[in-house]
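The values are calculated or read from the model by the stated rules, or taken from the named source; none is laboratory data. No experiment lies behind these values; they were computed from the predicted model shown. Note: ideal-geometry Cβ built from the backbone for every residue, glycine included; neighbour counts use all protein chains shown.
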Amino acid sequence: MLVSFNFLKKFIDFKNLSPKDLVEKMDVFGFEIENVTDTNINNLVVGKVINCNKIPDTHLNVCNIFLGDKYGVKQIVCGANNMRNGIKVIVALPGAKLPKAEIQEMTIKGHKSCGMCCSLEELGIDKQFVKDKNCIYEVDKKISIGEENILKKLGFADIIFNVKLPYNRPDLMSILNFAEELSKLFKKKFKNLKIPQIKTIINNDFILKNTSDKCSLIAICIVKNVIVSESSEEIKKILFSFGMQPVNNVVDYANYVMLLTGCPIHIYDYDKFSSKEIIIENNKSNCDFLALNNKKYLLNNNDIVASSNNKIICLSGIIGSLDYSCTTKTKNIVIEVGNFDILAIRRTSLRLNLLTESSKRFIQGIDNSFYYEKAIKILAALIKKDNDNCLVSDVLKIDKNQISRKKKNKISISVQKINSILNTKYKSNVIFATLKRCFSSVQKVKKDLFIVYCDEKRSDIQNINDVAEEILRFLGFESIKNELPKINMSLNNLSQKEDNIKKIKNHLHAFLYEVLTYVLVSEEDSELFDFLLLNEQKYKIINPIINERSCIRKSLIPSLLKIVSDNLIKQNNNFGIFEISNINTHEGEKLFLSVVLTGYNMLRGKMLKIPYSNFYLKGIFNSICDILNIDKNKFFLNKLNITKNELHPGKHAGIFLDGNLIGYFGEIHQDISIKYGIKEKTFVMELNLGNIFSLAENSEIKFKKIPNSRFVERDLCLLVDKNMSSTEVVNIIKKSGGNFIKNVEVFDVYEGKDFKDKKSIAFNIIFLDDAKTLTNDEVNDFMKNIIDSLSKKNIFLRE
Amino acid sequence: MNNDYLLQEIKSISDDVQKKILNAKDKSELLDIYNKYIASNGILSQKKNNILKSKSIVDKKTAILKINSFFDEVKKCFEAQKKSIINAELLKENEDISLPAFDLSVKGINPIHLIREKIIDIFFGMGFKIYHSNDIDDEYYNFTLMNIASNHVSRDMENTFYIDQKLLLCTHTSHAQGRAMEETKGKPLKIISPGKCFRKDDDDLTHSHQFMQIEGLMIDKNINLGNLKAILEIFVKKMFGENRKMRLRNSFFPFTEPSIEMDISCDNCCGVGCYKCKNTGYIEVLGAGIVNPKVLEMNGYNSKVYSGLAFGIGIERIAILKYGIDNIRRFYTNDIRFLKDFKG
């Protein structure tokens, strides 16, 4: 809400309180100040043009202007139509900061110009006050030469606060209430507006109906013999300072009263009504409506409207119709005030993209029912002041909540309770005095017990905590004693899951960057890399902002690939990233870890680099098993059924646990590289950590005896079918080699043309008997068994 | 034969050998000398053996002692020279230590994760348990149980992402309050709950449709505003340093009453006022308050017995303030050069 300091001053005597102090304090009181605009401009002086000569072939004049004794005579080049000898003008001297430019000394067409003669528009004053665009402002003769506070003199210097009111205080949308609140907080005198008494002379000959459940109040009043003209400068300035455009005196008064009371008012032209009825309804579907702003809107039955003789005369709470509006020809008017459902107004306003001063107020949640009679009276009096021959009718109203509203909220306040909420030691008399400042009616029951009767406008005060907050606002935070809570001790440790995540993260930080990505992705991305949630129906957002973010992801990989591609564009190459995040599924959240590697692992910068590969990812997986103390042999690697070309069909693996897929890794398919614009070799891995953690729960470290005997090793170089995996061979070796095989490790693989459909794999076998060191002969026997078994499977020693 | 003569001969040979040893330039030269003189079949050894075998020696004992001392001298000389030759050779293998090291450095971490951990650590240390809540929840938990009116603007389709009529992407972590209270069934609790939040804002320098919060909730007998102030002060000092001042302001949230907002003194101007703090000297950090008795009652707590405190911390905001990050987009762009600066 915009608040003009000048206007506030009409109701509060701030005395020596500066706007800066005001802003600081208001902030603490809970009125957040979003910004402060000072419309005053320094370095302006009133001067008199003492001579003015045209520069040939231009529209410009070289003028000498007398600026008083302090500044003397200055030469200024000016192109305004009305520049002439003898007039008084506003001169902006070098250094003056105008809304659109800072004035500097310069040379124009060879003539020095030490400032600028200003139009009001150039001084940031609304166009409404500017008669001719190309004219500079001619200052009234009464204002003396050398006057530096000219904007203040003209009434244009003001300070505008943009105040963000708390949601629970819609009552402060009225300047009267706002000023009264400030006067209480600052302990300054509040000068309330006197509500005039108006004699009602004529009959209200309208019929009023309300068929809408979204309208709780409707009231109308008729005023005859009005004279519609331009508003006074004073009213215009006030409206302008609140960011509103003047229209004519009647409409301007209505807006002015809205500012004062917070109660939106609509004015109809009485004589435009063919039948004297107003019906509030919300059952018009597909109706065209021509609004005051000359735009057409298509209305439906969610919109609350006022109609008469089957014509829509007002989109209630938002804007009136052009046909029934008050114009310069209007003689008699109907004043209408209503209260409408917040939600309905908000929906309509948003749907039509039509935010008016009135709808803004309803959307913030005003309840103007308390003020409407006051508002109508003030408005009628203002109109009557312009023309004493006005005739005012009585007020016709339908007020659904009249009875319930009259009940005042009663809250009992014990001093002890207030002090225990705030942790203060306020004495009874301090609290009583403060309550009397906050509330109009406070009753003392006992020394330490009071009853507060809430003003009807303060619907936000409902229990003792609300009252404690008011006391806090009035007395500040200084008296609150800092004190850590006294609570019972209990064991506080990380859950197994949190602990596991922490361990894994700490480990991965040594070689991967940890990233953070968006949960919402495009529909297309939501279907990629969803191996782990293949049968899961995806969550779609019913009201997305953009299609890019319309689905909840089923895999982190697409988000991570996007990061890789963005980084490659920025010349960041050769890195690995990971993210651990929950994935939302219909069965609750699942915890995923995803890794993406691109380019090379720069082991020693450019001196030693190894291309990333699936085996790096396999290593990460193994290390995670190690950290969690899980036997990695419980997992089984196998190829997946790749249908969407996400992974390289030959270079990937699914990780299975008891036949269930719990993870996968692989090189990305060319199609994906192209889609994401990734030219480097890139590898991805995704693990369902939940599944892995479940194994970790039962794993405990147990001491194993370290043998004193020595091991014996043998190397074996074999020719194997190309399609055979090394694991298969290892299994044969282990099976046939006896119980003393401690380890079988591949140390070389060679695929050459000379082997045709075979490949050569070299194994290193470690034999160890814990009890004694094995002899060569014993080991030779084992080796013979192994070679025999291998040959039965068509695996022979490489010659 | 004369003892003296023999001994004299050995001495002159051993002196000679010592000279040769000292003149030796490398290991192989030294080895040659060794083989020629010192080894068991070397000249010196032979001479020694000859003397030992010779029957003409009168005072054998003294002679042997003498010879051994010559021998020791030669050996000492040999070892010393060997050491110096090896050292000289090692010196030649000079390594350029300025060459690149192996890259064992810890990689960068998105500062949001760093701050999240830091905040958790601080409150964990004060006894708050970590409570996990889903990012998707029912509007009943996200709004209704938090005392947010049925016509409140945040419930609108324009402001909140919905999956269906009821399910939504949580707009704050406060829904965890309702979930935790439901589980705790009217007993005292103290939790912090980190989570992702979503609002229908267009992504720009200061807005993000996704962001992270940490919710805090403590319910017990006699929990008051002084407790909240003390807890928040510890948080500020631990997070931003002992010198930062904190300031509380009145505010409004439907689920707390009284509601407060906490500011910290601006690090740029130390509270004097500058562009960063919009001339206020303070920067907004978080919202908090005493749990609204209505919320306690709605969630199964007897508000006559129990009271609570609650706070909500925007992790992005803390990260921006702590590290001086220029805009919120940085967190979700994950530029490697940006991440590099943030380590554990």
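For this structure, a couple of remarks:
- Pairs with Cβ under 8 Å, 6+ apart, first in the stretch B:144-157 and farther than 19 Å from A:Ser349 by Cα, second of a type in the set (Gly, Ala, Ser) and in a helix (DSSP H, G or I): B:Leu145/B:Gly178; B:Met146/B:Gly178; B:Ile148/B:Ser154
- Residue in the stretch B:96-109 that is under 30 Å from B:Pro194 (Cα atoms), modelled with pLDDT of 85 or more and polar (S, T, N, Q) present: yes
- Residue in the stretch A:150-179 that is nearest to A:Asn35 (Cα to Cα), counting only those that are polar (S, T, N, Q) and within 14 Å of chain B (Cβ to nearest Cβ): A:Asn162
- Test: residue in the stretch B:110-121 that is of a type in the set (S, T, N, Q) and over 30 Å from B:Thr173 (Cα atoms): no
- Of the helices (runs of 4 or more DSSP H) entirely within the stretch B:1-76, those holding at least 1 residues that are under 21 Å from B:Asn87 (Cβ atoms), under 60 Å from the mean Cα position of the chain (by Cα) and in the same structural domain as B:Ala88 (by TED's automatic domain parsing) occupy B:3-23, B:27-33.
- Residues that are facing another protein chain (nearest Cβ under 7 Å) and either of a type in the set (D, E, K, R) or in contact with a Leu (Cβ under 6 Å, 6 or more places away or on another chain) (or both), drawn from the stretch B:103-131: B:Asp103, B:Lys107, B:Gly108, B:Asn110, B:Ile112, B:Lys129
- In the stretch A:38-47, the residues that are buried (at least 16 other Cβ atoms within 10 Å of the Cβ) and either in a strand (DSSP E or B) or out of contact with any Lys or Arg (no Cβ under 7 Å at 6 or more places or on another chain) (or both): A:Thr39, A:Asn43, A:Leu44, A:Val45, A:Val46, A:Gly47
- Taken over the stretch B:85-113, the criterion of being in contact with a helix residue (DSSP H, G or I) (Cβ under 9 Å, 6 or more places away or on another chain) and either closer than 30 Å to B:Asp26 by Cα or surrounded by fewer than 20 Cβ atoms within 10 Å (Cβ to Cβ) (or both) is satisfied by B:Ile85, B:Ile86, B:Glu89.
- Test: residue in the stretch A:582-594 that is surrounded by 17 or more Cβ atoms within 10 Å (Cβ to Cβ), in contact with a Ser or Thr (Cβ under 8 Å, 6 or more places away or on another chain) and farther than 21 Å from A:Glu536 by Cα: no
- Selection from the stretch B:186-206 of residues that are β-branched (Val, Ile, Thr) and either without any contact (Cβ under 8 Å) to a residue 24 or more places away in the chain or in contact with a helix residue (DSSP H, G or I) (Cβ under 9 Å, 6 or more places away or on another chain) (or both): B:Ile191, B:Ile192
Quick grid of which residues meet (1) surrounded by fewer than 21 Cβ atoms within 10 Å (Cβ to Cβ); (2) more than 20 Å from A:Lys100 (Cβ to Cβ); (3) not assigned by TED's automatic domain parsing to the domain that holds A:Ser113:
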| site | (1), (2), (3) |
| --- | --- |
| A:Phe31 | no, yes, yes |
| A:Asn35 | yes, no, yes |
| A:Val49 | no, yes, no |
| A:Asn53 | yes, yes, no |
| A:Thr58 | yes, yes, no |
| A:Val62 | yes, yes, no |
| A:Gly68 | yes, yes, no |
| A:Lys74 | yes, yes, no |
| A:Cys78 | no, no, no |
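- Long-range neighbours under 7 Å by Cβ, at least six apart or interchain, first residue crowded, with 16+ Cβ neighbours inside 10 Å within the stretch B:228-251, second of a type in the set (Gly, Ala, Ser) and not in a helix (DSSP H, G or I): B:Leu228/B:Ala288; B:Leu232/B:Ala288; B:Arg244/B:Ser265; B:Arg249/A:Gly30; B:Asn250/A:Gly30; B:Ser251/A:Gly30; B:Ser251/B:Ser259; B:Ser251/B:Gly287
For (1) under 32 Å from the mean Cα position of the chain (by Cα); (2) modelled with pLDDT under 95, each residue gets a yes or a no:
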{"residue": "B:Gly125", "(1), (2)": "yes, yes"}
{"residue": "B:Asn151", "(1), (2)": "no, yes"}
{"residue": "B:Lys166", "(1), (2)": "no, yes"}
{"residue": "B:His172", "(1), (2)": "yes, no"}
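- Residue count for the stretch A:653-683 satisfying the condition of being over 17 Å from A:Ser623 (Cβ atoms), aliphatic (A, V, I, L, M), assigned to a strand (DSSP E or B) and within 39 Å of the chain's Cα centre (by Cα): 1.
- Counted residues, the stretch A:478-496 - those being touching a residue at least 40 places away in the same chain (Cβ under 8 Å) and at the interface with chain B (Cβ under 8 Å from one of its Cβ atoms): 3
- For A:Phe242, the conditions (1) touching a Lys or Arg at 6+ places or on another chain (Cβ under 8 Å); (2) in contact (Cβ under 8 Å) with a residue 60 or more places away in the chain; (3) surrounded by fewer than 22 Cβ atoms within 10 Å (Cβ to Cβ); (4) within 29 Å of A:Val163 (Cβ to Cβ) are fulfilled apart from (1).
- Within the stretch B:197-221, tally of residues that are touching a strand residue (DSSP E or B) at 6+ places or on another chain (Cβ under 7 Å) and surrounded by fewer than 22 Cβ atoms within 10 Å (Cβ to Cβ): 2
- Restricting the stretch A:393-424 to residues that are among the β-branched types (Val, Ile, Thr) and surrounded by 15 or more Cβ atoms within 10 Å (Cβ to Cβ), the residue that is nearest to the other protein chains (Cβ to nearest Cβ): A:Ile421
- Residue in the stretch A:362-370 that is touching a residue at least 40 places away in the same chain (Cβ under 8 Å), within 23 Å of A:Ile198 (Cα to Cα) and not polar (S, T, N, Q) present: yes
- Residue within the stretch A:281-288 that is on the phi > 0 side of the Ramachandran plot and either at pLDDT below 95 or buried (at least 20 other Cβ atoms within 10 Å of the Cβ) (or both) present: yes
- Any hit, the stretch B:173-190, residues being crowded, with 23+ Cβ neighbours inside 10 Å, more than 10 Å from every other protein chain (Cβ to nearest Cβ) and assigned to a loop (DSSP other than H, G, I, E, B): yes
- Every residue from the stretch A:186-231 that is surrounded by fewer than 16 Cβ atoms within 10 Å (Cβ to Cβ) and either out of contact with any strand residue (DSSP E or B) (no Cβ under 9 Å at 6 or more places or on another chain) or aromatic (Phe, Trp, Tyr) (or both): A:Lys187, A:Phe190, A:Asn192, A:Leu193, A:Lys194, A:Ile195, A:Pro196, A:Gln197, A:Asp213, A:Ile227, A:Ser229, A:Glu230
- Within the stretch A:565-613, the set of residues being without any contact (Cβ under 8 Å) to a residue 12 or more places away in the chain and in a strand (DSSP E or B) comprises A:Asn582, A:Gly588, A:Glu589, A:Leu603, A:Arg604, A:Gly605, A:Lys606, A:Leu608, A:Ile610.
- Of all residues in the stretch B:204-215, those being part of a loop (DSSP other than H, G, I, E, B) and facing chain A (nearest Cβ under 9 Å) number 2.
- Some residue of the stretch A:175-185 being surrounded by 17 or more Cβ atoms within 10 Å (Cβ to Cβ) and in a loop (DSSP other than H, G, I, E, B): no
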